[in-house]
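The values are calculated or read from the model by the stated rules, or taken from the named source; none is laboratory data. If you're wondering where the values come from, they're calculated on a predicted model, not measured in any experiment. Positions of Cβ are generated from backbone atoms using ideal geometry, with glycine treated the same way; all protein chains shown enter the neighbour counts. These accessible areas exclude ligands, DNA and RNA; they are computed on the full protein's heavy atoms, side chains included. Shrake-Rupley method; radii C 1.70, N 1.55, O 1.52, S 1.80 Å.
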Amino acid sequence: MIATLYIIATPIGNLEDITYRAVRILGEVDLIAAEDTRHSLKLLNHFGITKPMTSYFDHNKLFKGERILNALRQGKSVALISDAGTPCISDPGYQLVRDAIAEHIPVIPVPGACAAITALSASGLPSDNFSFVGFPPSRQGKRRAFLTKLANNPGTLILYEAPHRLVETLRDIHETMGNRRIVVARELTKIFEELLRGEVASVLELVSEIKVRGEVVVLIEPGEDTPLETEPVEEVLWRLLSDRTISVKDAATKAAEITGVSRSVAYTKALEVRNGADCDKKQ
Ligand code: SAM
């Protein structure tokens, strides 16, 4: 193995959610940098992996980052893992990746679990456009300002939250964004996994009654005033040109207005659509 920094995703609960490739590479590298070595040792022991380890967490990342880079400079291969899920996603790793890239050290991602994506996949909220915004600020004033800024975000919002702050954050979501549909995904892949779906007010009522424990992801549907996903220009043109009373030029102008593409692009597409329709008819 040549000097390479592997960014390896580990499970977010269920140990079966690790990839064959992750296990193989963890067993092959010279050094494993882990957020909490004691925590990750349990995972490594489970898979029979014995390797030199070093810690890499928020408060030692500058000093440790330099030592990890030194190991890489000496030709060693290093795997970076976090306590759960994908490193760098609300977890340490970004600076190390950036610095390795600056030194032309290959950085290879080894994909796997990520709580945000896992929650989105089963949320039932629009998944074609979404924004992951990490943890909201813990202070109420800053949190409200943060949420207000995101209120018109086009797409589902995904945030991480600590269970003891869930109720106050849901109250602030209600206040700043209205009674939107949300999903609280709790303890994903674990025994008490639960996805609470509903409008903020009803989910809030529910979580206020039960003391929410464990880890949570909150997903918020896009607001009504946020721009809708635009239809592809070809589809708009098909629709407009299908009644054959509209000219190609007028259809192109209208399609450009609806989709935001330039009139010349819309006109070229309109000709293609019309020609395509004529060919279909001739056959
Ligand atoms: N790097 C991780 C990832 O890829 O998802 C995230 C690490 S961040 C420090 C921890 C937060 O992720 C938790 O507070 C929670 O919001 C979310 N999280 C992690 N595991 C989870 C799980 N099993 N169920 C629900 N949320 C989880």
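Annotation: residue 154 fulfils all but one of (1) over 25 Å from residue 210 (Cβ atoms); (2) at pLDDT 95 or above; the unmet one is (2).
Residue check: residue 203 meets all listed conditions (1) assigned by TED's automatic domain parsing to the domain that holds residue 164; (2) at positive phi but one, namely (2). In this structure, is residue 223 surrounded by fewer than 16 Cβ atoms within 10 Å (Cβ to Cβ) and touching a residue at least 60 places away in the same chain (Cβ under 8 Å)? Against the criterion (surrounded by fewer than 16 Cβ atoms within 10 Å (Cβ to Cβ) and touching a residue at least 60 places away in the same chain (Cβ under 8 Å)), residue 223 qualifies. Within region 174-214, the set of residues being within 16 Å of the ligand (Cβ to nearest atom) and under 18 Å from residue 157 (Cβ atoms) comprises 182, 183, 184, 185, 186, 188, 195, 196, 197, 203, 207.
Which members of region 157-202 meet the condition of being more than 19 Å from the chain's Cα centre (by Cα) and assigned to a loop (DSSP other than H, G, I, E, B)? Selection gives 178, 179, 180, 190, 191, 192, 193. For region 19-62, the set of residues classified as basic (Lys, Arg), part of a helix (DSSP H, G or I) and either open to solvent by less than 80 Å² (accessible area, probe 1.4 Å) or in contact (Cβ under 8 Å) with a residue 12 or more places away in the chain (or both) consists of 21, 61, listed by residue number. Mind checking whether some residue in region 246-254 is hydroxyl-bearing (Ser, Thr, Tyr), part of a loop (DSSP other than H, G, I, E, B) and away from the ligand (no atom under 16 Å from the Cβ)? Yes - at least one qualifying residue is present in region 246-254. Taking every residue in region 83-96 that is of a type in the set (Phe, Trp, Tyr) and pairing it with any residue that is near the ligand (Cβ under 9 Å from one of its atoms) and in a loop (DSSP other than H, G, I, E, B), at least 6 positions away or on another chain, the pairs with Cβ-Cβ distances below 6 Å are 94/88.
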